[in-house]
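For reference, the structure is listed below as structure tokens.
The values are calculated or read from the model by the stated rules, or taken from the named source; none is laboratory data. What you see is a predicted model; the values in this text were computed from it and never measured. Methodologically, a virtual Cβ is constructed for each residue, glycine included, from the backbone with ideal geometry; neighbour enumeration extends over all protein chains shown.
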Amino acid sequence: MRIALSEIAEGRSYRYDATFGDEDVSGLLDLTLAEPLAVTVSHTTVEGVTYLRITTKGKVYARCDLCSEECIADASCAIDEELTIDSDCYDADDDCYDIDKLIDEAVVMSAPRVVRCKPDCKGLCPVCGKNLNVEHCDCEQKKPKIGENNPFAALQDIFPTGGANNGSTKM
Ligand SMILES: [Zn+2]
Ligand SMILES: [Zn+2]
């Protein structure tokens, strides 16, 4: 996409909406879209500086960080750039900004950083590897418990998977 400087008026806001499908994001997002990625480009120019904002919003198929089950995660990002004729994307021959690379960058940054199949995913048992959302195991019971008089006993409840069992306060 190109923004021709001769076609933009100072102080006016411009907005463009596009919908990206799997073919548009291939090579950028290493995930399959669960719904099209909505991409919005808006910009306003004040005193020769073009304030550009690119936002994306969609859903992708991803794997839960905790239990590895496939789930649908939010994909989104917002990037802001201040463009001038000194910017890399300024094309002096056509007197325009070529923002394709910035749009690509926004698509890349849309990948979810944290993926949870559900807010309270229990994850996999670190001992036997069972998915604790669907089955139970007794590995947790077999671990040595901290005595009730131990001041760190309370921490075991607060940080059930933390390192409090050996008496360390490292969290
Ligand atoms: Zn999960
Ligand atoms: Zn287990």
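For this structure, a couple of remarks:
- The one condition from (1) at pLDDT 95 or above; (2) in a loop (DSSP other than H, G, I, E, B); (3) of a type in the set (A, V, I, L, M, F, W, C) that Ile79 does not meet is (2).
- For segment 90-121, filtering for residues that are farther than 24 Å from Ala34 by Cα and part of a loop (DSSP other than H, G, I, E, B) leaves 5.
- Filter pass, Cys128 being under 30 Å from Leu31 (Cβ atoms), at pLDDT 65 or above, surrounded by 11 or more Cβ atoms within 10 Å (Cβ to Cβ) and within 16 Å of ligand 1 (Cβ to nearest atom): no
- When segment 48-79 is filtered for residues that are of a type outside the set (A, V, I, L, M, F, W, C) and more than 16 Å from ligand 1 (Cβ to nearest atom), the ones remaining, listed by number, are Gly48, Thr50, Tyr51, Arg53, Thr55, Thr56, Lys57, Gly58, Lys59, Ser76.
- Selected residue (criterion: surrounded by the most Cβ atoms within 10 Å (Cβ to Cβ)) from residues of segment 103-125 that are among the aliphatic types (A, V, I, L, M) and more than 13 Å from ligand 1 (Cβ to nearest atom): Ala106
- Matching residues in segment 90-127 - criterion: being farther than 22 Å from Arg63 by Cα, over 25 Å from the mean Cα position of the chain (by Cα) and of a type in the set (A, V, I, L, M, F, W, C): Ala92, Cys96
- Selection status of Asp104, modelled with pLDDT of 95 or more, among the charged types (D, E, K, R) and away from ligand 2 (no atom under 16 Å from the Cβ): yes
- Residue identified as in contact with a strand residue (DSSP E or B) (Cβ under 9 Å, 6 or more places away or on another chain), more than 26 Å from Asn133 (Cα to Cα) and either part of a helix (DSSP H, G or I) or hydroxyl-bearing (Ser, Thr, Tyr) (or both) among Ser42, Ser68: Ser42
- Filtering segment 24-39 to residues that are in a loop (DSSP other than H, G, I, E, B) and either among the aliphatic types (A, V, I, L, M) or surrounded by 14 or more Cβ atoms within 10 Å (Cβ to Cβ) (or both) leaves Leu28, Leu29, Leu31.
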